Amino acid sequence: MESKLKPPAFQFYAGDFLSDLRVTIMSMEERGVYITLLAYSWLEDGLPDDESVLAQLCNNPKNWDRIWERVKECFTIKEGNVINNRRLVRERAKLMNYKKSMSDAGKKGAKTRWGGNSQAIAKLSKNDGLAMNNNAVSIGDNS
């Protein structure tokens with residue numbers, strides 16, 4: 001069963017970000033809009049292709065048209081009128097592949113250890129119960 005939880009974070013490669021020519025020529029305000037939209041895009045798996053909504057997500061900056069003209073170069077439109085950042089899409093795919101490989105490895109390890117008997121870990125042997133009872137201390141015990 002694949003996890004339906006959205007990954008809460010993405011890898012941020014500072015060197016790649018700062019050395020990207022599109023980012024280098026951005027003003028600080030444009031960079032703020034860009035990173036804000038990257039974060040929303042990550043959380044929502046894309047952004048709506050609606051400039052008024054995007055502007056609202058960024059607190060409606062005064063110079064939105066000028067800012068968006070520069071920032072939109074970092075996004076592409078995919079099916080369903082959803083805007084995405086190509087790098088973010090690759091990072092999500094990489095993360096999901098990693099999570100799947102870790103899950104598969106865990107399942108393989110459990111199968112090797114328990115021989116496919118998923119109930120084995122939940123059942124106590126008689127000796128487990130005796131050990132737990134022998135170590136139990138009653139509430140009224142003053143020793």
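Keeping all protein chains in position, work out how much accessible area residue 17 exposes to a 1.4 Å probe, and write it in Å² to the nearest 10.
40 Å²
Could you give each residue of region 42-47 its phi-based ³J(HN,Hα) in whole Hz, using Karplus coefficients 6.51, -1.76, 1.60 with θ = phi - 60°, and x for Gly or Pro?
Couplings: 5, 5, 9, 6, x, 10 Hz.
With a 1.4 Å probe and all protein chains kept in place, how do 35, 67 rank by accessible area, largest first?
If we order 35, 67 from most to least accessible, we get 35, 67.
Any idea of residue 24's accessible area? Nearest 10 Å², probe 1.4 Å.
That residue has around 70 Å² of solvent-accessible surface.
Accessible area of residue 44, 1.4 Å probe, to the nearest 10 Å²?
Its accessible surface works out to 110 Å², give or take rounding.
Return the carbon/sulfur percentage of the accessible area of region 10-98, one whole number, probe 1.4 Å, all protein chains in place.
Percent of accessible area from carbon and sulfur atoms in region 10-98: 52.
From the gyration tensor of the Cα coordinates in region 24-81, what semi-axes in whole Å does the equivalent ellipsoid have, largest first, with each one equal to sqrt(5λ)?
Largest first, region 24-81 gives 18, 12, 11 Å.
Could you tell me the calculated FRET efficiency between residue 39 and residue 96, based on Cβ-Cβ distance and R0 = 30 angstrom, to the nearest 0.05?
Efficiency at R0 = 30 Å is approximately 0.95.
State which entries of 78/111; 6/72; 6/111 exceed 30 angstrom in Cα-Cα distance in the structure shown.
78/111
Multiplying the sequence separation of residue 13 and residue 113 by 0.36 nm and subtracting their Cα-Cα distance, what value in nm do you get?
32.2 nm
The values are calculated or read from the model by the stated rules, or taken from the named source; none is laboratory data. Keep in mind it's a predicted model, so treat the numbers as computed, not measured. Glycine gets a Cβ as well: all are built from the backbone with ideal geometry, and neighbour counts include every protein chain shown. Ligands, DNA and RNA are excluded from the accessible area calculation, which covers all protein heavy atoms including side chains. Shrake-Rupley method; radii C 1.70, N 1.55, O 1.52, S 1.80 Å.
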